[in-house]
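**Q** Structure in structure tokens, see below.
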Amino acid sequence: MSIGAFPAMRLILRRELRLYFRRPDQLLQPLVFFLIVTTLFPLALSPRLSLLRDMAPGVLWVAALLSSLLSLETLFKADAEDGTLEQLALSGQSLGVIVIAKTLAHWLVSGVALVAMSPLVATALAIPTDAFPVMFASLALGTLTLSWLGAIGAGLTVGLRRGSVLLSLIVLPLAMPLLIFGASATDRAIGGESPAGALYFLGALCVFTTSLAPVAAAAALRITLE
Amino acid sequence: MWTWFYRLASPPHVYRTAAALTPWFFAVAAVTIGYGLIDGLAFAPPDYQQGDAFRIIYVHAPSAWLSLFAYTTMAFAGAVALIWRIKVGYAVAAAAAPIGASFTLVALVTGSLWGRPMWGTYWAWDPRLTSELILLFLYFGVISLRQAFEDPARGDRAAALLGIVGVINVPIVHFSVYWWNSLHQGGTVMRLGKPEMATSMLWPLLAMLFGFMCFFGAVLCMRLRGEVLNRERQSTWVREAVKP
Amino acid sequence: MGGYARFVWPSIGLALGVLIWNVWAARRHHAQALVRARRALAMARSEES
Amino acid sequence: MQEATDPIDAPRASSLDLSADKIHVWRGDRHVLRGAGFAVKAGELLHVAGPNGTGKTTLLRVVCGLLRPEQGAVSWCGRPIDAIRAEYQAAMAYASHEAALKSDLSALENLRYSVGLKRRVGDHELRDTLGRTGVAACADLPARVLSAGQRRRVAMARVLAMRAPLWLLDEPFTNLDSKGTALMCRMLEAHLDGGGLALVVAHHALALARPIRRLELGE
């Protein structure tokens with residue numbers, strides 16, 4: 001009679017997507033933030049194209065990390081505040097299922113939007129179009145990994161009043177390998193070298209977090225829901 | 001079958017044992033650190049490449065080692081506490097965090113002081129120093145997370161979980177930082193420390209390592225007593241123990 | 001110290017300083033915990049009486 | 001108004017029972033629950049009463065398994081709830097003191113996404129249930145625009161639609177007018193008549209036409 005894990009996941013996914021699209025501002029704000037941060041760098045450093053091209057992958061990745069982190073804060077917090085997280089937790093489905101569905105929904109919305117937005121920023125930063133496919137792939141893998149890491153952080157800070165700074169403090173050190181491989185994949189693609197090594201590592205990190213982070217995030221929620 | 005273990009880990013037993021162990025740890029630490037410092041600074045020959053600057057290793061390496069050791073201790077104690085519900089584990093984890101963080105800081109500053117004569121700059125994004133820096137950030141995360149909770153029991157569990165996640169992450173960070181560094185620097189940076197060492201240089205270093213470990217044991221015991229007291233304030237044995 | 005004294009001695013000094021700080025902080029930590037436990041005991045007694 | 005009892009999806013039996021034994025919960029230095037315990041059988045209601053701050057909500061959170069007590073255990077049909085988590089949660093409907101609705105979703109969607117995780121349920125049936133708690137007209141309105149009383153009725157509909165034998169209700173009468181209170185009481189009666197169990201946290205007396213067991217906290 002009860003619902004299996006996959007139908008439950010589908011149901012939560014639909015709920016999340018519907019909620020995101022009812023609140024488009026919530027969806028757009030991190031993207032605008034992404035744009036603004038990338039605008040800051042040329043203004044602060046120099047508009048010289050050669051210099052921009054050198055820094056572009058780093059700027060792109062730092063901005064992507066920060067903007068993605070911005071939207072992760074509400075991953076569980078919004079549901080915890082109106083009491084629906086308790087309802088989800090007591091729905092008979094395991095917390096792992098709930099975490100997976102919610103995190104995937106977050107990535108589908110924020111990660112994919114970020115990837116879609118990246119050509120705009122990349123052009124402004126003088127990244128050649130040849131490097132776009134690698135940039136898309138690295139950003140897609142990287143934002144998914146970051147969503148998983150962020151789910152752990154969001155689970156740990158969900159009940160705290162000033163959780164946003166703490167969330168960054170917790171998640172950013174964990175995300176540093178991501179930044180290294182992501183930026184260097186893009187960098188190598190720009191330089192015409194093979195980005196395969198960095199992309200493989202990104203993929204490995206993604207698989208690794210996908211398999212372990214739901215367990216950790218579910219444990220975190222169990223602790224903070226009390 | 002586990003009862004003996006739980007009795008061993010019972011707060012009053014831990015409180016008393018920690019008190020009994022502290023002076024021993026301190027005594028051994030004082031002797032070994034004293035020997036290591038004197039031998040290392042005064043009698044060990046200068047390095048043929050780095051001259052006397054290499055002597056910083058006698059405080060740098062033990063601190064760096066201790067920073068990792070304390071983090072592992074913290075994560076392990078947290079895992080034991082989370083999995084087997086042995087509350088003393090949280091106290092050990094809470095006691096280890098500030099000690100580990102302080103030695104991470106020492107490793108960073110001494111590494112940078114060593115870097116100045118070797119690299120001509122205080123900070124060269126050496127891979128070891130960079131991962132040490134990230135380790136410091138991880139410590140900050142764990143310490144602030146524990147303090148952010150109003151209910152100490154929840155703070156303990158959240159910090160324990162973050163410690164476990166962090167300890168899985170440390171090797172990944174370490175590896176990726178090396179990979180990143182070899183990409184950018186092509187191995188031109190002279191790494192701190194060297195695999196081969198004359199025995200006259202090695203003995204004091206080993207003594208310092210051992211001494212720092214014992215010192216960690218001593219300070220951990222002292223802090224552990226405080227943490228246990230804080231957690232067991234309402235229990236009868238504490239009331240008996242603290243009766244003025 | 002072969003010209004490196006201004007790097008070696010601060011390093012040693014810092015390490016020793018942190019060692020001492022650790023002892024001092026641990027002692028203070030324990031002392032504060034004792035004070036708090038005594039306060040809790042006193043409160044419990046005043047409630048009983 | 002139609003008041004047919006809902007079929008309860010569970011091994012229909014008088015063997016259903018919920019018990020808690022010597023529950024101790026600490027919050028920091030505060031000993032919130034000091035050995036609270038009870039036993040409820042099929043067809044029985046336990047009214048958890050007591051002044052503010054005596055741990056009524058805490059007890060309910062322990063019973064529904066959100067909060068793990070320092071000591072003591074809660075058992076469902078003789079087995080500790082930690083061991084049969086999924087089964088227990090499927091047999092339980094919990095209503096917290098807030099209505100727990102997503103304000104951006106309509107009442108119907110709210111029900112669809114929470115009841116739907118417990119059992120397969122169609123929109124038609126959910127609309128019916130909303131009708132039985134008197135909020136059929138609100139089904140397609142976002143919960144944001146509903147009044148506090150309407151939100152409470154939607155939450156009542158959610159409890160009904162879950163068809164669970166065990167109801168755990170935290171202050172279910174808050175924000176309800178006299179009609180709503182009466183409706184809630186009739187729902188409880190029907191639930192108990194059908195062999196259900198209920199734990200109700202409320203700080204005033206319950207007006208049910210049957211003997212009620214009371215657990216007074218904070219004494």
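The values are calculated or read from the model by the stated rules, or taken from the named source; none is laboratory data. Everything quoted here is computed from the prediction, not taken from an experiment. FYI the Cβ positions are ideal-geometry reconstructions off the backbone, even for glycines, and counts take in every protein chain you see.
Here's the yes/no breakdown for (1) assigned to a helix (DSSP H, G or I); (2) out of contact with any strand residue (DSSP E or B) (no Cβ under 9 Å at 6 or more places or on another chain); (3) surrounded by fewer than 17 Cβ atoms within 10 Å (Cβ to Cβ):
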| residue | (1), (2), (3) |
| --- | --- |
| B:P45 | no, yes, yes |
| B:T72 | yes, yes, yes |
| B:T104 | yes, yes, no |
| B:T110 | yes, yes, no |
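**Q** With respect to D:V135, determine if the residue is under 25 Å from A:Y20 (Cα atoms) and of a type in the set (V, I, T). If you could, list the steps in order and put the result at the bottom.
**A** On the way: under 25 Å from A:Y20 (Cα atoms): no; of a type in the set (V, I, T): yes.
When the stated conditions are applied, D:V135 does not pass them.
**Q** Which one is surrounded by the fewest Cβ atoms within 10 Å (Cβ to Cβ) among residues in the stretch C:2-49 that are over 18 Å from B:A61 (Cα atoms) and among the β-branched types (V, I, T)?
**A** C:I20
**Q** Continuing with this model, one more query. Does D:L130 satisfy the condition of being at pLDDT 90 or above, away from chain A (no Cβ under 13 Å) and in a helix (DSSP H, G or I)?
**A** Here the answer is yes, as D:L130 does meet what is asked.
**Q** Go through the residues of the stretch A:178-185 one by one and say whether even a single one is facing chain B (nearest Cβ under 10 Å) and over 15 Å from A:L60 (Cβ atoms).
**A** No - not one qualifying residue is present in the stretch A:178-185.
**Q** While we're looking at this one, here's another question. Can you say whether B:G36 is buried (at least 22 other Cβ atoms within 10 Å of the Cβ), within 14 Å of chain C (Cβ to nearest Cβ), part of a helix (DSSP H, G or I) and at pLDDT below 90, as far as the supplied structure shows?
**A** So B:G36 does not fit the description; no.
**Q** Between a residue in the stretch D:70-88 that is more than 19 Å from D:V40 (Cβ to Cβ) and any residue that is of a type in the set (G, A, S), which pairs come within a Cβ distance under 6 Å, given they are 6 or more apart or on different chains?
**A** D:A86/A:G92
**Q** For residues that are out of contact with any Ser or Thr (no Cβ under 7 Å at 6 or more places or on another chain) and modelled with pLDDT of 90 or more, scanning just the stretch A:62-71, find the one that is farthest from the other protein chains (Cβ to nearest Cβ).
**A** A:S67
**Q** Does the stretch B:81-91 contain any residue that is more than 22 Å from B:L136 (Cα to Cα), among the hydrophobic types (A, V, I, L, M, F, W, C) and either part of a loop (DSSP other than H, G, I, E, B) or under 13 Å from the mean Cα position of the chain (by Cα) (or both)?
**A** Scanning the stretch B:81-91, I find at least one residue that is more than 22 Å from B:L136 (Cα to Cα), among the hydrophobic types (A, V, I, L, M, F, W, C) and either part of a loop (DSSP other than H, G, I, E, B) or under 13 Å from the mean Cα position of the chain (by Cα) (or both), so the answer is yes.
**Q** Listed residues A:G83, A:G92; which is in contact (Cβ under 8 Å) with a residue 60 or more places away in the chain, at positive phi, within 12 Å of another protein chain (Cβ to nearest Cβ) and surrounded by 14 or more Cβ atoms within 10 Å (Cβ to Cβ)?
**A** Being in contact (Cβ under 8 Å) with a residue 60 or more places away in the chain, at positive phi, within 12 Å of another protein chain (Cβ to nearest Cβ) and surrounded by 14 or more Cβ atoms within 10 Å (Cβ to Cβ) holds for just one of A:G83, A:G92, which is A:G92.
**Q** Further question: Just give me the residues in the stretch D:191-215 being of a type in the set (A, V, I, L, M), modelled with pLDDT under 90 and within 20 Å of D:A39 (Cβ to Cβ), in sequence order.
**A** D:A202, D:L206, D:L208, D:I212, D:L215
**Q** Within the stretch D:49-105, which residues are surrounded by fewer than 21 Cβ atoms within 10 Å (Cβ to Cβ) and of a type in the set (K, R)?
**A** Once the filter is applied, which keeps residues that are surrounded by fewer than 21 Cβ atoms within 10 Å (Cβ to Cβ) and of a type in the set (K, R), the stretch D:49-105 yields D:R68, D:R79, D:R85.
**Q** Let me ask you something else. Just a yes or no: is a residue in the stretch D:121-128 crowded, with 16+ Cβ neighbours inside 10 Å, in contact with a Leu (Cβ under 8 Å, 6 or more places away or on another chain) and not β-branched (V, I, T)?
**A** Yes, because at least one residue in the stretch D:121-128 is crowded, with 16+ Cβ neighbours inside 10 Å, in contact with a Leu (Cβ under 8 Å, 6 or more places away or on another chain) and not β-branched (V, I, T).
**Q** State whether one or more residues within the stretch B:189-209 are of a type in the set (K, R) and modelled with pLDDT of 90 or more.
**A** no
**Q** So, C:A33, is that one over 30 Å from B:R55 (Cβ atoms) and at the interface with chain B (Cβ under 7 Å from one of its Cβ atoms) or not? Quick ask: steps written out before the conclusion?
**A** Numbers: over 30 Å from B:R55 (Cβ atoms): yes; at the interface with chain B (Cβ under 7 Å from one of its Cβ atoms): yes.
Answer is yes for this residue.
**Q** While we're on this one: Could you check how many residues of the stretch B:144-153 are surrounded by 19 or more Cβ atoms within 10 Å (Cβ to Cβ) and farther than 15 Å from B:N230 by Cβ?
**A** The number of residues fulfilling the criteria is 2.
**Q** Here's something else I'd like to know. Can you pull out the residues in the stretch A:178-226 that are surrounded by fewer than 17 Cβ atoms within 10 Å (Cβ to Cβ), in a helix (DSSP H, G or I) and of a type in the set (S, T, Y)?
**A** Those that are surrounded by fewer than 17 Cβ atoms within 10 Å (Cβ to Cβ), in a helix (DSSP H, G or I) and of a type in the set (S, T, Y): A:Y200, A:T210, A:S211.
**Q** Another question about this same structure. Tell me yes or no: at least one residue of the stretch D:133-141 is in contact with a Phe, Trp or Tyr (Cβ under 9 Å, 6 or more places away or on another chain) and part of a loop (DSSP other than H, G, I, E, B).
**A** No, the conditions are met nowhere in the stretch D:133-141.
**Q** I'm trying to understand the selection: among the residues of the stretch D:63-104, which are more than 8 Å from every other protein chain (Cβ to nearest Cβ), in a helix (DSSP H, G or I) and under 13 Å from the mean Cα position of the chain (by Cα)?
**A** D:V63
**Q** May I ask you to say which residue of B:L66, B:L162 is assigned to a helix (DSSP H, G or I), surrounded by 23 or more Cβ atoms within 10 Å (Cβ to Cβ) and either away from chain C (no Cβ under 14 Å) or touching a His at 6+ places or on another chain (Cβ under 6 Å) (or both)?
**A** Unique residue meeting the criteria: B:L162.
**Q** Follow-up. Out of A:R48, A:R23, which single residue is free of Cβ contacts under 8 Å to residues at least 12 places away in the same chain and either of a type in the set (S, T, Y) or within 11 Å of chain D (Cβ to nearest Cβ) (or both)?
**A** Exactly one of A:R48, A:R23 is free of Cβ contacts under 8 Å to residues at least 12 places away in the same chain and either of a type in the set (S, T, Y) or within 11 Å of chain D (Cβ to nearest Cβ) (or both), namely A:R23.
**Q** Out of all the residues in the stretch A:159-171, which are outside any loop (DSSP other than H, G, I, E, B), surrounded by fewer than 22 Cβ atoms within 10 Å (Cβ to Cβ) and more than 7 Å from chain B (Cβ to nearest Cβ)?
**A** A:G163, A:S164, A:V165, A:S168
**Q** Sticking with this one: Give B:R7, B:R16 a once-over and let me know the one that is touching a His at 6+ places or on another chain (Cβ under 7 Å) and free of Cβ contacts under 8 Å to residues at least 40 places away in the same chain.
**A** Exactly one residue qualifies, and that residue is B:R7.
**Q** Examine the stretch C:16-29 for a residue that is more than 18 Å from B:G100 (Cβ to Cβ) and among the small types (G, A, S), and state whether such a residue exists.
**A** Within the stretch C:16-29 (the criterion being more than 18 Å from B:G100 (Cβ to Cβ) and among the small types (G, A, S)), the answer is no, since none of the residues qualifies.
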